């Protein structure tokens, strides 16, 4: 494995980690506020579909982005209505949204575009263009540093840079701002927030708005990356993001490393479809299953104790 | 200091300096058919400590919730410093200068003290300036009122007493002039309670007004200037503390004469019933909860174990009751019992004559959704006498048995078909007690027998425990209420940090000495 291959794998890992990172941060905000968000998968799918459809119809991915974010936001608010306003079970509401997204996207897609549930292929302005950072061509000629800058750091789409920027921003909001303090408090002990005279409901909705927007970005990114919407294209990324969230112990910087790890596994699986160990050939299915295997390992609790926000999963009922 | 005995009867109240800090006029509140507060009027003078006492369900908490904006009163007025206010949520109560210290603290466990103090009262969108300001103010307050607490400590690392100080600091940080404390000493050691009272005295000197809700008569007598008694939603009396007595207050609370001291003959202990040697308990997290305990309980005696909650008493009861594993040796009537493995469970314990009234009757003593008669046989439902035939249970027989037990133990209402959750705390406890005592055990384990139980029912439960002792049974009593331990026990053992700190006879000790032992301070340390 030469240096350039490693750079290329890392580059691909970063590209694949982007939607996971955005989704993971979405989950981080809602779960930190005490709303379990198993519906990330559904939001991702809904956003990808609406982004794909809008971009295909208008020819602009930016309009697609607006549509994707709007769709994800609508799903998020539905989740809020069920689990915050009506105090329903957060898991059931989330699962219902996942089913809703899986079914609706295909049904609407088929009746709209008649392509078996796909949206038409996106090209040109219908996809995000890669940003070549300044001097990347010139720098590429410098050994060692050059290819790393040109291949790995430069040449991603705006959303990748936005996702990376969202990490320190999320950290800052959570740990340095009044909003963050209240958000974290409402996920730990909503009655403390309530007795301090702050609305639990508003805070939780605010968290779901942030989650909806972030998921919308992630879904749009998926549609752009695959040049259109395909049935079930989120492929469990919402669940993987949840696993990464647990792995990251509900912290933004850890979320970055956790999702990069998942991205790396996916990149390796894509690049080395089969590896021969002497006479034994590891099958391609195994390589592609790597991220999912890691998910199972994480969810089974093999990575140490992760303590979720204490009030997560509970709707807040005022007590006497 | 001016105190109005007949509150709310003043004619006109102008917003002057002499106006009462809080005045309630004709407050009423109903929840469906239940009238929780009926035409309640009180007035509390500025710079005084006012106690509100009453049994569970008397309406104390409802009244305070109205004052703190959790509920809206159906009728009545609230006046703060002589001016009528309309409090519809906590924010407005805070703005009116009311601070509340809840029985269950409203703190974020994994936040620091500072973060908890500023939560909801930040100055601006960024935390840094608020934290700096709070740090300065906290330093000032802690010097002034003995409210010292490390501002950077996490709440979960603090003792309960310190957590309560954080709650008081929260209120003071919001510039509360009126402080309401709901059952503030329920979770404190005697030393911590004394410290709290010193803090309250200090606040009173500074002109703060304090309302304290409690069911402990001793505290009312010790700290308050005036006291109001509530019964069944009504304010039955408001008196000057100096002019009343605990007996009179108890009578006002219950509506009849109550015996505050347990009436019992000296114990006549017989042969040992249970002998515990070097018992160790390690919990699921790998923490040693019980660290090598030796205990013996004899026939015809009540051994009381006192200690602050969480010092291994719970785990001791769980091992003896058969639902927690332990190591060591326990002899029951001279025969060893299994402390782990498949023969260690509640079923086998009961077969050996151990009955258990668990500390948490809602989680472990009853199934709240089940009816009284079903609850009356849980744990004993395998008993052949409750079986009709090989397949079916003798439900009619169980109901008839329950009816008899309910009458005997004065469970109200005596209806076997009522769900357990519809009984009051005291009557739920009587159901559990009846179930366990009626099986004629050799040893009764009883944890927190009167937690959340009314004064009238406490009297009855204590009598039942003493009667069982007089029949020659062994009783192991665990309670965090020192009064209860002192008055019921024939011998007292103090637990701290999973160990036994000492054994005393109730006649030869006092609350001060036990309090020190409960805090882990032994005689030798004190001497140094």
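The values are calculated or read from the model by the stated rules, or taken from the named source; none is laboratory data. Just so you know, these numbers come straight off a predicted model, no measurement behind them. Neighbour counts run over all protein chains shown; Cβ positions are idealised from the backbone, glycine included.
Summed over the range B:51-82, the residues that are buried (at least 24 other Cβ atoms within 10 Å of the Cβ), farther than 25 Å from residue A:198 by Cα and out of contact with any helix residue (DSSP H, G or I) (no Cβ under 8 Å at 6 or more places or on another chain) give a count of 1.
Of the residues making up the range B:267-291, those that are under 28 Å from the mean Cα position of the chain (by Cα) and either without any contact (Cβ under 8 Å) to a residue 12 or more places away in the chain or surrounded by fewer than 22 Cβ atoms within 10 Å (Cβ to Cβ) (or both) are B:267, B:280, B:282, B:283, B:284, B:285, B:287, B:288, B:291. The residue that is farthest from residue A:194 (Cα to Cα), among those in the range B:83-95 that are more than 7 Å from chain A (Cβ to nearest Cβ) and touching a helix residue (DSSP H, G or I) at 6+ places or on another chain (Cβ under 9 Å), is B:85.
Taking the listed residues B:368, B:391, the one that is in contact with a helix residue (DSSP H, G or I) (Cβ under 6 Å, 6 or more places away or on another chain), more than 24 Å from residue B:468 (Cβ to Cβ) and either in a loop (DSSP other than H, G, I, E, B) or outside the structural domain of residue B:436 (by TED's automatic domain parsing) (or both) is B:368, with no other qualifying.
The residues of the range B:450-481 that are more than 20 Å from residue B:349 (Cα to Cα) and assigned to a loop (DSSP other than H, G, I, E, B), listed by number, are B:450, B:451, B:452, B:453, B:454, B:471, B:480, B:481.
For the residues A:268, A:307, A:293, A:298, the requirement of being more than 19 Å from the chain's Cα centre (by Cα) and either more than 14 Å from chain B (Cβ to nearest Cβ) or assigned to a helix (DSSP H, G or I) (or both) singles out A:268. Any residue that is surrounded by 16 or more Cβ atoms within 10 Å (Cβ to Cβ), in the same structural domain as residue B:358 (by TED's automatic domain parsing) and over 23 Å from residue B:259 (Cβ atoms) - is there at least one of those in the range B:458-474? Scanning the range B:458-474, I find at least one residue that is surrounded by 16 or more Cβ atoms within 10 Å (Cβ to Cβ), in the same structural domain as residue B:358 (by TED's automatic domain parsing) and over 23 Å from residue B:259 (Cβ atoms), so the answer is yes.
Return yes or no: is residue B:103 part of a loop (DSSP other than H, G, I, E, B) and either surrounded by fewer than 21 Cβ atoms within 10 Å (Cβ to Cβ) or outside the structural domain of residue B:27 (by TED's automatic domain parsing) (or both)? When the stated conditions are applied, residue B:103 passes them. One residue stands out among those in the range B:104-146 that are in contact (Cβ under 8 Å) with a residue 40 or more places away in the chain and more than 11 Å from chain A (Cβ to nearest Cβ): the one that is farthest from residue B:205 (Cα to Cα), which is B:113. Considering every residue within the range A:188-208, establish whether at least one is within 14 Å of another protein chain (Cβ to nearest Cβ) and touching a strand residue (DSSP E or B) at 6+ places or on another chain (Cβ under 9 Å). Looking through the range A:188-208, at least one residue is within 14 Å of another protein chain (Cβ to nearest Cβ) and touching a strand residue (DSSP E or B) at 6+ places or on another chain (Cβ under 9 Å). Here is a check on your reading of the model: is residue B:183 under 19 Å from residue B:456 (Cβ atoms), touching a residue at least 60 places away in the same chain (Cβ under 8 Å), in contact with a strand residue (DSSP E or B) (Cβ under 9 Å, 6 or more places away or on another chain) and not assigned by TED's automatic domain parsing to the domain that holds residue B:36? In short, yes. Taken together, the residues in the range A:91-101 that are closer than 9 Å to residue A:39 by Cα and surrounded by 15 or more Cβ atoms within 10 Å (Cβ to Cβ) amount to 6. Just one of the listed residues (B:444, B:482, B:488, B:514) is in contact with a helix residue (DSSP H, G or I) (Cβ under 7 Å, 6 or more places away or on another chain), at pLDDT 95 or above and assigned by TED's automatic domain parsing to the domain that holds residue B:276, namely B:444.
From the list A:169, A:100, A:181, the one residue that fits, being out of contact with any helix residue (DSSP H, G or I) (no Cβ under 8 Å at 6 or more places or on another chain) and either within 14 Å of another protein chain (Cβ to nearest Cβ) or at pLDDT 95 or above (or both), is A:169.
The residues of the range A:75-88 that are touching a residue at least 40 places away in the same chain (Cβ under 8 Å) and at negative phi, listed by number, are A:75, A:76, A:77, A:79, A:80, A:83, A:84, A:85, A:88. Under the condition of being in a helix (DSSP H, G or I) and either without any contact (Cβ under 8 Å) to a residue 24 or more places away in the chain or out of contact with any strand residue (DSSP E or B) (no Cβ under 8 Å at 6 or more places or on another chain) (or both), the residues counted in the range B:425-449 number 8.
Restricting attention to the range B:38-66, the residues being more than 21 Å from the chain's Cα centre (by Cα) and outside any strand (DSSP E or B) number 5. Scan the range A:1-46 for residues that are touching a strand residue (DSSP E or B) at 6+ places or on another chain (Cβ under 9 Å) and in a loop (DSSP other than H, G, I, E, B) and the total you get is 0. Working only within the range A:72-90, note down all residues that are surrounded by fewer than 18 Cβ atoms within 10 Å (Cβ to Cβ) and touching a helix residue (DSSP H, G or I) at 6+ places or on another chain (Cβ under 6 Å). Selection gives A:88 alone.
For every residue, the table says whether it meets (1) surrounded by 15 or more Cβ atoms within 10 Å (Cβ to Cβ); (2) touching a strand residue (DSSP E or B) at 6+ places or on another chain (Cβ under 9 Å); (3) part of a loop (DSSP other than H, G, I, E, B).
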{"position": "B:331", "(1), (2), (3)": "yes, yes, no"}
{"position": "B:349", "(1), (2), (3)": "yes, yes, no"}
{"position": "B:373", "(1), (2), (3)": "yes, no, no"}
{"position": "B:401", "(1), (2), (3)": "yes, no, no"}
{"position": "B:407", "(1), (2), (3)": "no, no, no"}
{"position": "B:410", "(1), (2), (3)": "yes, no, yes"}
{"position": "B:417", "(1), (2), (3)": "no, yes, yes"}
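The set of residues in the range B:147-175 that are within 14 Å of another protein chain (Cβ to nearest Cβ), more than 16 Å from residue A:185 (Cβ to Cβ) and not in a helix (DSSP H, G or I) contains only B:175. For the condition in contact with a strand residue (DSSP E or B) (Cβ under 9 Å, 6 or more places away or on another chain), at pLDDT below 90 and in a helix (DSSP H, G or I), residue B:219 qualifies. Of the residues examined, residue B:171 is one that is touching a strand residue (DSSP E or B) at 6+ places or on another chain (Cβ under 7 Å) and either surrounded by fewer than 23 Cβ atoms within 10 Å (Cβ to Cβ) or under 30 Å from residue B:75 (Cα atoms) (or both).
Residues are listed down the side, and each one gets a yes or a no for (1) in contact with a helix residue (DSSP H, G or I) (Cβ under 6 Å, 6 or more places away or on another chain); (2) at pLDDT below 95; (3) closer than 30 Å to residue A:183 by Cα:
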position: A:8; (1), (2), (3): no, yes, no
position: A:11; (1), (2), (3): yes, yes, no
position: A:18; (1), (2), (3): yes, no, yes
position: A:21; (1), (2), (3): yes, no, yes
position: A:41; (1), (2), (3): yes, no, yes
position: A:48; (1), (2), (3): yes, no, yes
